Amino acid sequence: MLRLERLRADHADALLAFERENRAYFARSIPDRGDAYFTEFASRHRALLTEQDAGLCHFHLVMDDEGNLIGRVNLVDVEDGTAELGYRIGERATGRGVATAAVTEACRLAAEEYGLCVLTAVTTHDNRASMTVLARNGFTPVAEISINGRPGTRYRRGLVVVADRSSDGS
């Protein structure tokens, strides 16, 4: 079982430790964040919280049953009912369906909590695991793209926005 926690200021230390622990692992399949990400982490974390407070993005940590940070799922560039989905699962949690479950929950939150109706995502062709997660969650390929010079695909998924149940007269 996992849960998504909306990013908060008090997550900074755990998130930095997670990113450091998994840096080399992530760099094998996605572009490295670079040294500046780690040296300027505190100001970057504050900036993310500001973006989230403005409704421009929705950042989430993936937590396991024991409360350990095992991944991230983000909805970025929120505009006109759409957002781009991004996620990363730590090396120790891979191969157990965590990414699929985390993306499923992010899609639910996107529709039910944030009122989004379309999500997009991108991945490189050599990241088969990510392609599988997106397919399992109902994303369909819509365009061939280049991601940092590597061939990739853009995906799209429509969401069913749940009507506000508080106004049903009951």
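Residues that are part of a strand (DSSP E or B) and surrounded by 13 or more Cβ atoms within 10 Å (Cβ to Cβ): does the range 124-132 have at least one?
Yes, the range 124-132 contains at least one residue that is part of a strand (DSSP E or B) and surrounded by 13 or more Cβ atoms within 10 Å (Cβ to Cβ).
So, in the range 18-43, how many residues would count as being of a type outside the set (Asp, Glu) and not in a helix (DSSP H, G or I)? So the answer is 6.
Scanning the range 38-85 for residues that are β-branched (Val, Ile, Thr) and touching a residue at least 60 places away in the same chain (Cβ under 8 Å) yields Val62, Ile70, Val73.
Any residue at all in the range 86-101 that's farther than 19 Å from Tyr25 by Cβ, open to solvent by 30 Å² or more (accessible area, probe 1.4 Å) and either more than 15 Å from the chain's Cα centre (by Cα) or modelled with pLDDT of 95 or more (or both)? Give the steps one after another, and end with the answer.
So in the range 86-101, the residues farther than 19 Å from Tyr25 by Cβ come out as 101.
Add one more test, that the residue is open to solvent by 30 Å² or more (accessible area, probe 1.4 Å), and what stays is 101.
Imposing the further condition that a residue be either more than 15 Å from the chain's Cα centre (by Cα) or modelled with pLDDT of 95 or more (or both) reduces the set to 101.
Checking the range 86-101: at least one residue is farther than 19 Å from Tyr25 by Cβ, open to solvent by 30 Å² or more (accessible area, probe 1.4 Å) and either more than 15 Å from the chain's Cα centre (by Cα) or modelled with pLDDT of 95 or more (or both).
Specify the residue that is farthest from Ala27 (Cα to Cα); the eligible residues are those in the range 111-123 that are assigned to a loop (DSSP other than H, G, I, E, B) and open to solvent by less than 60 Å² (accessible area, probe 1.4 Å). Checked the range 111-123; the qualifying residue farthest from Ala27 (Cα to Cα) is Gly115. Reported count of residues in the range 133-151, each being at pLDDT 95 or above and either among the aromatic types (Phe, Trp, Tyr) or surrounded by 15 or more Cβ atoms within 10 Å (Cβ to Cβ) (or both), is 5. Considering Arg108, Arg46, the condition of being part of a helix (DSSP H, G or I), out of contact with any helix residue (DSSP H, G or I) (no Cβ under 9 Å at 6 or more places or on another chain), open to solvent by 30 Å² or more (accessible area, probe 1.4 Å) and at pLDDT 95 or above is satisfied by Arg108 alone.
The values are calculated or read from the model by the stated rules, or taken from the named source; none is laboratory data. Model, not experiment: these values are computed from the prediction. Neighbour counts run over all protein chains shown; Cβ positions are idealised from the backbone, glycine included. Just the protein is used for accessible areas: all its heavy atoms, side chains included, with ligands, DNA and RNA removed. Shrake-Rupley method; radii C 1.70, N 1.55, O 1.52, S 1.80 Å.
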